[in-house]
Each structure stands twice: as C-alpha cells, then as structure tokens.
Amino acid sequence: MVQVVRWYLSSFHAGRKSQVAKKPYNPILGELFSPDQLSFVAEQVSHHPPISAFYAEHVNKRIQFDAWLWTKSKFLGLSIGVHNIGKGVVTLLDTQEESILTIPWIELGGSVCIECVQTGHKANVEFLTKPFYGGKKHRVTCEVFGANDKKPYYTAQGEWNTRMDGRWTDSGARKKRVSPVSRQQPHESRRIWRHVTCALRAQDTEAATAAKRAVEQTQRDAAKQRDNTGDKWATQVMSLSE
C-alpha cells in the first residue's frame, strides 16, 4: 500500500513540472498514446462527455493499472470548480492485491481514497486548497491505515508540485520513452498534436491556436459525416460497459 501511495503522490509532481499551458491539448476521439518502455495504452473513448481510458502493465514487475476519467464543471458561487470523475485500479499480480483509487478535483483540492480490496489497507489523501487569507497553495497530506486500524502507520505531507516528506522517500521519476513521431500511428497523441507542440516550443501562440483549430475542425467534420451516414464511433482498444 505504501508503494502505491508513493507512486500516486509523486505522479502529480512529474506530470505538472512544465509551466506551459496544457489547454491546447484537447484529446480527440480515438486518440492513442503508447510509450515503448512499458505496456501502456490510453484512448479517448468519448468526446461528450470527454472520457479517457488507460491501461498500463509492467511485465517484469507484474504490476498493472487501468482507469477511466472525465471532468465535470460546477459553479461555486463566484468561481467555477472542475471535478475529476472516475477511478483507477492498481493490481499486483503476484499477490492479487487490487488498490482502487478515486480522483481529486482541480485546484487540486478534495479527498482521495486508495484502498486495497484484499488486505483492507487504505490511504486517505487530502489535497488542501489555499485559504482566502494566508496559507499556501498545493498542500497535500496523506495517512495510511491497516485494516480496522484507527491510527495510521505511514504519513506524508508537503506540496505536491515541489516536495513531500514521509517515512520513505522516492528515488525520482523516470523519463518515458516513446516512438518517434514518424513511426507513430495517425491517431497517436504526439503525432496528432505535433504542430501545436512545435508552435508552443517556439512561443508562437497564434500558430499553436491555428494548429489546434485545424485538429478540432477535422474532428467536427468527421462527427458530421458519421451523423449523416448513421455510423457510430467504435473505440479502438478499449470497450465500453454500462
């Protein structure tokens, strides 16, 4: 359970190092991402609502992860909150332990529960939003409990985008390896958004916006054609269930 918590908390820092806006990358229907280092695949299985599905497996360490996620906006008085809806399951194949993860909402703020169905161990993670007066942003605390225990046997706290301290420390994130764009399939993420990425790296906002609009217009045209012919979108690697 502690290893799952370490991976979960460190993933936010690894995923948010860049200060470049993420908005230009708006996943299109059927978009895929598959790095070389692990057995990993992600697919955009729905556009309205925008649902993403993921599956990853480390063959040598016999660990697998699958999840689905979508966002929902909510008015909060004078502000708007964006809630992440979905869940993920981490499975340790050797011990057949499954840890179920819920999703926080972004600022980041909210509660996350990570629970192992087989052992009963669970972790309560709290993403703390900045108070109106004083306080800090990006705070996170975590407590890990054994089955039926009232006191945690592992705690962690800090700021998810800089540093978190706990009983054990992580050795750092590893850089993922992905096939060159020229060898990727037409619906793979880096190939779809390559012109947007080049423009952002060149700090050319107008070119990035134009490239983003071109991708989105292609999607609108394809959706209109499916409506005219009565065809339904068929997912490529994931399957939909009720």
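Please rank Glu115, Glu126, fewest neighbouring Cβ atoms within 10 Å first, as an exposure proxy.
Glu126, Glu115
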> Ser39's amide H: which non-local residues (gap 5+, or another chain) put their own amide H closer than 5 Å, with H modeled 1.01 Å from N in plane and none for Pro or chain starts?
Replying inline: Glu57, Val59
>> Going by Cα centres, segment 87-102 and segment 191-222 are how many Å apart?
In response: 37
> Amide H to amide H, which residues 5 or more places from Tyr154 or on other chains are under 5 Å from it, using H placed in the peptide plane?
Replying inline: Val144
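Return the Rg/Rh ratio of segment 181-229 with Cα-based radii and a Kirkwood Rh. Working shown, then result.
Numbers: Rg = 12.8 Å, Rh = 11.8 Å.
Ratio of gyration radius to Kirkwood radius: 1.08.
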> What residues have an amide H closer than 5 Å to that of His121, excluding those fewer than 5 places away on the same chain, when H is modeled at 1.01 Å from N in the peptide plane?
Replying inline: Cys116, Ala147
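Values in this text are rule-based calculations from the coordinates and carry no lab data. Predicted model only: the values in this text are computed from it and were never measured. When we count neighbours, we look across all protein chains shown, and the Cβ atoms used for this are built from the backbone with ideal geometry, even at glycine.
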